[in-house]
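Data block below; observations after.
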Amino acid sequence: MSFLSKLFSNKNDETQVKNMQTKKKTTSLKKKGSEQVAKRKGEIGEYKINIQLDQLPKEYMHLEDVMVLNAKGKTGYSQIDHIVISPYGIFVIETKNYQGTVYGGKDRKVWSVNGKFKMMNPFKQNYGHIQALKAFIDEKYYPFFISMVSFTKRCTFKLNDTELRKIASNELLVYDVELSDYIARKVSVNKHQYKAPFLTDSEIQKIYAQFEKANITDQSIRKQHVDSLKKENKESKEEGAKCKICHKPVSAKVKAYCLSNRKFKGEIYCYDHQKSI
């Protein structure tokens, strides 16, 4: 009897081990599958944007996936999704591939998607990109930069202000499908207001060449940059959310509530300190 009990016990242990291995493998495959889907969606999004930008007037010049040195950047570099150099502005474009409701505002330090996923204000991120690019061109061209952030149509904007959607602004929040339209409208407004172009054809070509020369194409450096960002994001998630005032940890529910409530301006507060805001 003891022998049979031991035999069945060993079989149960083997079954549990196999089940755990299968579960682990399935989870790993799901994670890998999700990453591949996200990567594929990102590639499709970039392809859609490239098609739009390729349809801009022939005197415009376009660069994509530009990586330059940035002494003030967390990794020592800035990676810019798109740059469009036109006679009436240098458009620096940051693209985001999210799905859901985007909560944000021009002066909010932190934005969120669906009140859960937290991200740095993309315009502050793009400001860093623009500052990095300024190091490679003449100072007289600095006033001509226009910051644009593009989200997919799978998002809905919930903003504290509407200025980011107004064509008069030099910081424009757009959907990917309207990117070329917003560029054309912004150029038209500047053309009407200033008459003479900001940049001649030769200056457009010169700036393009300077950015192209500054672009880092070494794949090992690019990989190191991406890996550093991933590590930082992972560590940030593991740290969890804390109250801005008392620094005590808060639950995921409290975090989501704060990020979805515009009065907290993207900051997180514990229940006690929410009352003082």
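Carbon and sulfur atoms: what percent of the 1.4 Å accessible area of the stretch 32-235 do they account for?
51 percent
Not counting ligands, DNA or RNA, and with a 1.4 Å probe, what is residue 200's accessible surface area in Å² rounded to the nearest 10?
Result for residue 200: roughly 70 Å² accessible.
With a ≥ b ≥ c taken as the square roots of the eigenvalues of the C-alpha gyration tensor of the stretch 147-260, please select rounded if a/c is under 1.5 and otherwise prolate if a/b is larger than b/c or oblate if it is not?
Note, shape of the stretch 147-260 comes out oblate.
Say the dipole of the stretch 32-235 comes from +1 at the beta carbon of Lys and Arg and -1 at that of Asp and Glu; which of 215, 133, 173 then lies farthest toward its positive end?
173
In a shell of Cβ-Cβ distance under 13 Å around residue 272, excluding residue 272 itself, what net charge do Lys and Arg (+1) and Asp and Glu (-1) give?
Residues close to residue 272 contribute a combined charge of +3.
Can you count the Lys pairs in the stretch 141-227 whose Cα atoms are under 30 Å apart, with each pair 8 or more apart or on different chains?
17
Kindly sort 61, 148 by accessible area of their heavy atoms, largest first, with the probe set to 1.4 Å.
61, 148
Using only protein heavy atoms and a 1.4 Å probe, report how much of residue 64 is accessible, in Å² to the nearest 10.
90 Å²
Set the Förster radius R0 to 30 Å, insert the Cβ-Cβ distance between residue 51 and residue 221 as r into 1/(1 + (r/R0)^6), and round the FRET efficiency to 0.05.
Working from the Cβ atoms, E equals 0.55.
Keeping all protein chains in position, work out how much accessible area residue 139 exposes to a 1.4 Å probe, and write it in Å² to the nearest 10.
Result for residue 139: roughly 130 Å² accessible.
Starting from the residue with the highest accessible area, list 165, 154, 108 in decreasing order, probe 1.4 Å.
154, 165, 108
Testing the spin-label approximation: label points 7 Å from Cα along Cα→Cβ at residue 277 and residue 64. State their distance in nm.
Taking the simple label geometry, residue 277 and residue 64 are separated by 3.9 nm.
Probe radius 1.4 Å, ligands and nucleic acids left out: which of 149, 226 has the largest accessible area, and how do the rest follow?
226, 149
What's the extension gain from residue 153 to residue 228 if we count 0.36 nm per residue and subtract their Cα-Cα distance?
Taking 0.36 nm per residue and subtracting the Cα distance, the gain is 24.1 nm.
Give the Rg (one decimal place) followed by the Dmax (whole number) of the stretch 32-235, computed from C-alpha coordinates and expressed in Å.
16.8, 53
Per residue and in cubic angstrom, what volume does the convex hull of the Cα atoms of the stretch 70-141 have?
It is 122 Å³ per residue.
Taking the Cα atoms of the stretch 149-191, what is the range of coordinates along each of the three principal axes, in descending order and whole Å?
31, 22, 10
The values are calculated or read from the model by the stated rules, or taken from the named source; none is laboratory data. Keep in mind that what you see is a predicted model, and the values were worked out from it rather than measured. We place every Cβ from the backbone using ideal geometry, glycine too, and count neighbours over all the protein chains shown. Side chains included, ligands, DNA and RNA excluded: accessible areas come from the protein's heavy atoms. Shrake-Rupley method; radii C 1.70, N 1.55, O 1.52, S 1.80 Å.
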